[in-house]
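The structure follows.
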Amino acid sequence: AQSVTQLDSQVPVFEEAPVELRCNYSSSVSVYLFWYVQYPNQGLQLLLKYLSGSTLVKGINGFEAEFNKSQTSFHLRKPSVHISDTAEYFCAVRDGGSNYKLTFGKGTLLTVNP
Amino acid sequence: GAGVSQSPRYKVAKRGQDVALRCDPISGHVSLFWYQQALGQGPEFLTYFQNEAQLDKSGLPSDRFFAERPEGSVSTLKIQRTQQEDSAVYLCASSQHEGGYGYTFGSGTRLTVV
C-alpha cells in the first residue's frame, strides 16, 4: 500500500519569504501526485497535480512542485508567500494501479507571519 | 451545481444515535468518494461510487457505516449507533471521469459524538 510522508507538521515563515513544503511517497512503478490546500473549516482545494510529462508542475496561487522519481519526492514551493497562504497543505498520491483511491499525508500547517 | 455540497455542516450526536450525512456532487460527475478526516490527520478513503454502483467500500471502518447513491447523483453516508471514535470531518468528493485525476471536494460535515 502507498504511504505519504510530510516531513514537517508545521512551517512558520514571514510574508514575502520563499517556502518549501516537503513530501515523500513510498515507491511504486507509477504514481500520480497531488497537492491540496485546506483553509479553516473548508474542504480541500486542488493546488496542482503531476500525472506525466514535465517534472516541474505549476499550480494555482503561484505554487509549483517538482516530481523527483529517484528520491520519491514531490516538494511544493512558492518563491514569495502571502498572509493569505496560511492554511493546511496535504500531499496525496494515487497509485497507478488504482484508478481512484488517494492516499494523503498528515498535512503541513503553513503559517505566514507579517 | 457549481460545487460539491454537503449537509449538515455540523452535526452533534449522542453516543448510540444514528446519523445520515448528505452529499450533492457536481452535476454529471460519474465518480463519488467519501473520506474521513480525523483531527490533525489527512483524509482517509472510505468508499467509492461509479454512478450508482459502489465499487469499493474497503475503507469503511465497521459494519455500522453504510453508504448509498441510489440514482447515481446524491449520496448518503449513514453511521449507526455512533461512537466517540466516529468524531471526524466527513468529506465528499466527486470527479467527472471514472476514477479521478483530482477530485473536487465539498466543505465536509463535522461530526461530534458526545
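Within segment A:80-114, which residues are closer than 14 Å to A:Leu47 by Cβ, part of a strand (DSSP E or B) and of a type in the set (Val, Ile, Thr)?
Passing the criteria: only A:Thr108.
Another question about this same structure. Please determine, by comparing only the residues of segment A:1-46 that are under 23 Å from B:Phe105 (Cβ atoms) and of a type in the set (Phe, Trp, Tyr), which one is surrounded by the fewest Cβ atoms within 10 Å (Cβ to Cβ).
Among residues in segment A:1-46 that are under 23 Å from B:Phe105 (Cβ atoms) and of a type in the set (Phe, Trp, Tyr), the one surrounded by the fewest Cβ atoms within 10 Å (Cβ to Cβ) is A:Tyr39.
Every residue in segment B:91-114 that is in contact with a Phe, Trp or Tyr (Cβ under 8 Å, 6 or more places away or on another chain) and away from chain A (no Cβ under 11 Å), please.
B:Ser94, B:Leu111, B:Thr112
Please indicate, with yes or no, whether at least one residue in segment B:49-60 is surrounded by fewer than 15 Cβ atoms within 10 Å (Cβ to Cβ) and more than 14 Å from chain A (Cβ to nearest Cβ).
yes
Filter segment B:89-114 for residues that are more than 11 Å from the chain's Cα centre (by Cα) and of a type in the set (A, V, I, L, M, F, W, C); which is farthest from B:Phe66 (Cα to Cα)?
Within segment B:89-114, the match that is farthest from B:Phe66 (Cα to Cα) is B:Val114.
Just to be sure I understand, how many residues within segment A:6-29 are farther than 27 Å from B:Cys92 by Cβ and among the polar types (S, T, N, Q)?
Qualifying residue count, segment A:6-29: 3.
Let me ask something additional. What do you reckon, is A:Ser80 modelled with pLDDT under 95 and farther than 26 Å from B:Ser5 by Cβ?
Here the answer is no, as A:Ser80 does not meet what is asked.
Filter segment A:102-114 down to residues that are crowded, with 21+ Cβ neighbours inside 10 Å and within 14 Å of chain B (Cβ to nearest Cβ), then give me how many there are.
As a first pass, look at segment A:102-114 and keep what is crowded, with 21+ Cβ neighbours inside 10 Å: A:102-105, A:107-108, A:110.
From what is left, the residues that are within 14 Å of chain B (Cβ to nearest Cβ) are A:102-105, A:107-108.
So the count comes out to 6.
So that you can scan it fast, the table gives a plain yes or no per residue for (1) over 17 Å from A:Ala92 (Cα atoms); (2) surrounded by 18 or more Cβ atoms within 10 Å (Cβ to Cβ); (3) in contact with a strand residue (DSSP E or B) (Cβ under 6 Å, 6 or more places away or on another chain):
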position	(1), (2), (3)
B:Val4	yes, yes, yes
B:Cys23	yes, yes, yes
B:Leu39	yes, no, no
B:Gly72	yes, no, no
B:Ile79	yes, yes, yes
B:Tyr103	no, yes, yes
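Of all strands (runs of 3 or more DSSP E) completely enclosed by segment A:12-79, which ones contain at least 2 residues that are touching a residue at least 60 places away in the same chain (Cβ under 8 Å) and of a type outside the set (D, E, K, R)?
Working: elements: A:19-21, A:31-38, A:44-50, A:56-58, A:64-68, A:73-78.
Hits in segment A:12-79: A:19-21, A:31-38.
Now a separate question. Check B:Ala13, B:Ala2, B:Ala53, B:Ala67 and return the single one that is farther than 18 Å from B:Leu111 by Cα, hydrophobic (A, V, I, L, M, F, W, C) and modelled with pLDDT of 95 or more.
B:Ala53
Residues in segment B:34-42: is at least one in contact with a helix residue (DSSP H, G or I) (Cβ under 9 Å, 6 or more places away or on another chain) and not in a strand (DSSP E or B)?
Yes: one or more hits.
The values are calculated or read from the model by the stated rules, or taken from the named source; none is laboratory data. This one's a predicted model, so the numbers in the text were calculated from it and none came from an experiment. Counting neighbours? That spans all protein chains shown, and the Cβs are built from the backbone with ideal geometry, glycine included.
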